[in-house]
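Undergrad: Before we start, here is the structure in question, set down as structure tokens.
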Amino acid sequence: MTPAGSLLAATDLRKAYGPTAALDGAEFSIHPGEVVAVMGPSGSGKSTLLHCLAGIVTPDSGSITYAGHELSAMSDGRRSALRRSEFGFVFQFGQLVPELTCVENVALPLRLAGVKRKEAESAALHWMERLQVEDVGAKRPGEVSGGQGQRVAVARALVTRPRVIFADEPTGALDSLNGELVMQLLTEAARSANAAVVLVTHETRVAAYSDREIVVRDGKSRDMERIV
Amino acid sequence: MSIGHTLLGLLEAGPRHGYDLKRAFDEKFGHDRPLAYGQVYSTMSRLLKNGLVEVDGIESGGGPDRKRYAITGAGVTDVEAWLAQPEKPEPYLHSTLYTKVVLALLTGRSAAGLLDTQRAEHLRLMRILTQRKRKGDLADQLVCDHALFHLEADLRWLELTAARLDQLSREVRR
């Protein structure tokens, strides 16, 4: 059963790659404005869980609902549209387009959605200010530091005002100080926009920025809140 | 933390009354545990006896709380030596947690459950500290970071132990 009021929820998710069960009955739920950390050892299935929740990977069985709608019942086109407009993504290595300037990178999701250049770049600058990287707008990703590049990537994830942000090891490539700054700005910006954040991390200090933690082990999830 | 050395260090900046000392201590170091008045005065009388501080003046009205203390030359030397001395690293080799895990295994209880409960409690405290850090100044951030790194180290131990429970179970039952 889907927990009441949740924006994104999964029940009894199963996914196998050949003989290996990546997910073996995992559960998940998140409310608007909530930050949930997904933790677990390497190979535990946490990335598979994130990919299923984001509609990138289709589970073998189980249910995923977004805003009350079953993800598996949607057409591929509808799921793609969801990923473009209502989901935002932050990866370990920013994955910015090297040929574009930072402001063009942040504006890109809006440009792909058909927003005019001036309007898209103005929105991009707003988020770059929030992430304290407005001064690197004209630079290309190769010309900025790792910490700045990651904050540019966060701004890009937020620019479409998504309702869910999927962050997969967003501080994995950063030193402690830059990692802290990224987490602080990411969670503040997401909370103020009432966006939910699904945060996959193996660092507990990063997970401490969340409201709640789910541990995945051997494809099964445990809601740590229910333990205490 | 050595309260005596900390109070001495605070006095090195200039003479203070006992009450001022307590206030300065609480403001800078007493995040979770403010100093009790009694502790300030008992510490000061020990430092006085050892010649590390002296009474710099007594305000009219008398009473022990009216004393103003100043650090002596011997006190400055003592602070200097304390700051230069590295702290003994404490590896907690026989921690309560380790004992609990082994006892759980020996008595057939769920060691994994015990580790999970502890993990959740550690993370709960880490969240509180992270919140405090977000709202606090640089001093708060440094104090909280110190605690956070230690808790993180504990958590890594909890994870590694959880991954080794089967092996540990076989060894403790041997």
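Undergrad: Does B:THR96 satisfy being more than 14 Å from chain A (Cβ to nearest Cβ) and surrounded by fewer than 17 Cβ atoms within 10 Å (Cβ to Cβ)? Step through it out loud before you land on a result.
TA: Details: more than 14 Å from chain A (Cβ to nearest Cβ): yes; surrounded by fewer than 17 Cβ atoms within 10 Å (Cβ to Cβ): yes.
It is true that B:THR96 is more than 14 Å from chain A (Cβ to nearest Cβ) and surrounded by fewer than 17 Cβ atoms within 10 Å (Cβ to Cβ).
Undergrad: Of A:VAL206, A:VAL216, which residue is in a helix (DSSP H, G or I), in contact with a strand residue (DSSP E or B) (Cβ under 8 Å, 6 or more places away or on another chain), more than 30 Å from A:GLY114 (Cβ to Cβ) and touching a residue at least 24 places away in the same chain (Cβ under 8 Å)?
TA: Values: A:VAL216 fails: in a helix (DSSP H, G or I).
Going through A:VAL206, A:VAL216 in turn, the sole match is A:VAL206.
Undergrad: Take the residues in the stretch B:120-144 that are closer than 14 Å to A:GLU180 by Cα, modelled with pLDDT of 90 or more and at the interface with chain A (Cβ under 8 Å from one of its Cβ atoms); name whichever of them is surrounded by the fewest Cβ atoms within 10 Å (Cβ to Cβ).
TA: Only one residue fits best here, namely B:ARG127.
Undergrad: Now a separate question. From B:ALA70, B:ALA147, grab the single residue that is part of a strand (DSSP E or B) and modelled with pLDDT of 90 or more.
TA: Testing whether each residue is part of a strand (DSSP E or B) and modelled with pLDDT of 90 or more leaves just B:ALA70.
Undergrad: Sticking with this structure for a sec: Could you grab me the full set of residues in the stretch B:1-28 that are under 22 Å from B:LYS88 (Cβ atoms) and without any contact (Cβ under 8 Å) to a residue 60 or more places away in the chain?
TA: Residues satisfying the conditions are B:MET1, B:ILE3, B:GLY4, B:THR6, B:LEU7.
Undergrad: Which one of the conditions (1) facing chain A (nearest Cβ under 9 Å); (2) within 19 Å of the chain's Cα centre (by Cα); (3) more than 19 Å from A:GLU203 (Cα to Cα) does B:GLY113 fail to meet, given that it meets all the rest?
TA: Failed condition: (2).
Undergrad: Any residue at all in the stretch A:81-104 that is within 26 Å of A:LYS46 (Cα to Cα), loosely packed, with under 13 Cβ neighbours inside 10 Å, out of contact with any helix residue (DSSP H, G or I) (no Cβ under 6 Å at 6 or more places or on another chain) and of a type in the set (Ser, Thr, Tyr)?
TA: So far as the stretch A:81-104 goes, no, none of its residues is within 26 Å of A:LYS46 (Cα to Cα), loosely packed, with under 13 Cβ neighbours inside 10 Å, out of contact with any helix residue (DSSP H, G or I) (no Cβ under 6 Å at 6 or more places or on another chain) and of a type in the set (Ser, Thr, Tyr).
Undergrad: Sticking with this one: Filter the stretch A:215-228 down to residues that are within 12 Å of chain B (Cβ to nearest Cβ) and either under 15 Å from the mean Cα position of the chain (by Cα) or of a type in the set (Gly, Ala, Ser) (or both), then give me how many there are.
TA: 0
The values are calculated or read from the model by the stated rules, or taken from the named source; none is laboratory data. Quick caveat, the model's predicted, so the values are computed rather than measured. Neighbour counts are summed over all protein chains in view; Cβ atoms, including those assigned to glycine, are modelled from backbone coordinates with ideal geometry.
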